[in-house]
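Take a look at the structure below.
The values are calculated or read from the model by the stated rules, or taken from the named source; none is laboratory data. Since the model is a prediction, treat every value here as computed from it, not as a measurement. All Cβ positions, glycine included, derive from the backbone under ideal geometry; neighbour counts span all protein chains shown. Protein only, heavy atoms only, side chains kept; ligands, DNA and RNA dropped before computing areas. Shrake-Rupley method; radii C 1.70, N 1.55, O 1.52, S 1.80 Å.
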Amino acid sequence: IVYWSMCNYLARVMRQRIGGPSIDTLRDEGGDPDPFRLSRTNRYFDVHTDNGGLEPRMPDYLGRLCVRAARAGGESIIAGSHRVYEVLASEHPEHLPVLARDFEAVKLNVQSHGKRETLRYPVLHKRGEDVVLRYNRPYIEAGMEYAGTPLGHDQRAALDQLDHVLHRPDVRYEYKLRPGEILFNNNRFTLHCRNAYEDWPD
């Protein structure tokens, strides 16, 4: 209840998936993982921003409350857009104009209703002093295919370099939440992911 109140104090809470709850439980449900829902497994899933293919407007904030910690693994990882932009501008500036152009991202109703719809948005672009980053690679790769415009060589090279930067230890911050701890991050300026984990036997 306290966590729900804090979330509503920050902003209006958005749905987690079509027909789904506003608060989602992240736990290992077993079975074959949906590539769009790795959060329901104990596997590692890569850095991304939330809501890459559900709403035209991405959420401003992301909150996570730890109820029970895993026996091993499960660390939260975050990476900031300003640091990512700084590295790219310094070492690979040729990719910035490509990342600032619109990409197609598949909408989640592709999985639930069989429709082929996409959202269009840039992955990384400056807005005044802010650097806005919206990125979930599986959604983009599927969206470009559905739109009939598969990733070109320059687009794939730019995303590959972005992935490389996002995996650098000087760009990422890693922390394992303990029971009762809450992590809020600005979803427009930070990406997040989670390491693979092992549950307790019970």
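Given a 1.4 Å probe and the protein chains all in place, what does the accessible area of Thr149 round to, in Å² to the nearest 10?
70 Å²
Quick one: which residues, 5+ away or cross-chain, put their amide H under 5 Å from the amide H of Phe103? H built at 1.01 Å from N.
Tyr121, Val123
Can you sort Arg71, Arg127 by solvent-accessible area, 1.4 Å probe, largest first?
Largest to smallest exposure gives the sequence Arg127, Arg71.
Please report the accessible area of His92 (heavy atoms, 1.4 Å probe, ligands and nucleic acids excluded) in Å², nearest 10.
50 Å²
Among the GluC sites (Glu not before Pro) in segment 101-202, which ones are in a DSSP loop with at most 11 other Cβ atoms within 10 Å of the Cβ? Mind listing them?
Here the GluC sites (Glu not before Pro) that fit, given the DSSP loop and packing criteria, are Glu129.
Would you list Leu166, Leu151, Leu10 from the most to the least accessible area, probe 1.4 Å?
Leu10, Leu151, Leu166
Full-extension gain between Thr149 and Asp60, please, as 0.36 nm times their residue separation minus the C-alpha to C-alpha distance.
That works out to 29.1 nm of additional length.
Using R₀ = 41 Å, calculate the FRET efficiency as 1/(1 + (r/R₀)^6) where r is the Cβ-Cβ separation of Asp102 and Tyr9; round to 0.05.
Given R0 = 41 Å and the Cβ-Cβ separation, E is 0.75.
With a Förster radius of 30 Å, plug the Cβ-Cβ distance of Arg71 and Asp163 into 1/(1 + (r/R0)^6) and report the FRET value to the nearest 0.05.
It comes to 0.55.
If I ignore ligands, DNA and RNA and count only protein heavy atoms, how much of Lys176 is accessible to a 1.4 Å probe, in Å² to the nearest 10?
Number for this one is 60 Å².
What is the sum of charges, Lys and Arg at +1 and Asp and Glu at -1, for the other residues whose Cβ falls under 10 Å from the Cβ of Met144?
Around Met144, the charge tally is -2.
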